[in-house]
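A quick write-up on the structure given underneath.
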Amino acid sequence: VQLQASGGGLVQAGGSLRLSCAASGRTFSGYAMGWFRQAPGKEREFAAIISSSGNTYYRDSVKGRFTISRDNAQNMVYLQMNSLKPEDTAVYYCAADSYATLIMGRASRIAYWGQGTQVTVSS
């Protein structure tokens with residue numbers, strides 16, 4: 001699976017952005033998908049995960065503000081980010097693997113990564 005993330009940018013606190021991740025490969029629908037983020041000087045952490053069947057899982061700090069979704073017909077996964085905060089500033093990566101592997105959140109164990117897209121939230 002090859003992943004291509006897009007949609008990052010600069011936004012003021014309280015604003016919104018929608019990230020997109022285009023996947024290639026005929027087995028896309030069988031993978032869980034996730035959005036991870038990495039701020040300068042910090043480890044990569046998960047933000048949101050969606051299973052192949054559509055179950056979602058969010059880190060506490062983004063619950064109620066971020067929504068992950070997928071379109072298996074278009075091989076796309078999205079992250080709608082609302083009420084953005086300066087602490088959401090990071091490079092955001094889409095990832096694909098099994099649901100269990102994404103939930104564990106160990107970046108070195110995750111099979112497929114997109115190239116990352118910068119999200120900057122100004123105060």
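The table below gives the values:
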read-out: Share, in percent, of DSSP beta bridges within the chain that are antiparallel, nearest 5; value: 90
read-out: Candidates ARG70, ARG109, ARG44: whichever shows maximal mean-square fluctuation once the chain is modelled as a Gaussian network with Cα springs under 10 Å; value: ARG109
read-out: Residue among SER108, SER98, SER61 with the largest mean-square fluctuation in a Gaussian network model of the chain, springs linking Cα atoms under 10 Å; value: SER108
read-out: Relative contact order of the chain, defined on C-alpha pairs under 8 angstrom at six or more residues apart (%); value: 36
read-out: Distance between region 48-79 and region 20-47 - C-alpha centres, whole angstrom; value: 10
read-out: By average C-beta atoms within 10 angstrom, highest first, the peptides 31-40, 51-60; value: 31-40, 51-60
read-out: GNM flexibility winner over the chain from LYS42, LYS63, LYS85 (Cα, springs under 10 Å); value: LYS42
read-out: Estimated [θ] at 222 nm from DSSP helical runs (n ≥ 4, -39500 (n - 2.57)) normalised by residues in the chain, nearest 500; value: -1000 deg cm²/dmol
read-out: Magnitude of the charge dipole, region 1-67, Cβ model with Lys/Arg +1 and Asp/Glu -1, debye to 20; value: 60
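Throughout, read-outs are computed from the coordinates displayed, never taken from laboratory work. As the structure is a prediction and not an experimental result, all values here were calculated from the model. Backbone-built Cβ (ideal geometry, glycine too); neighbour counts: all protein chains shown.
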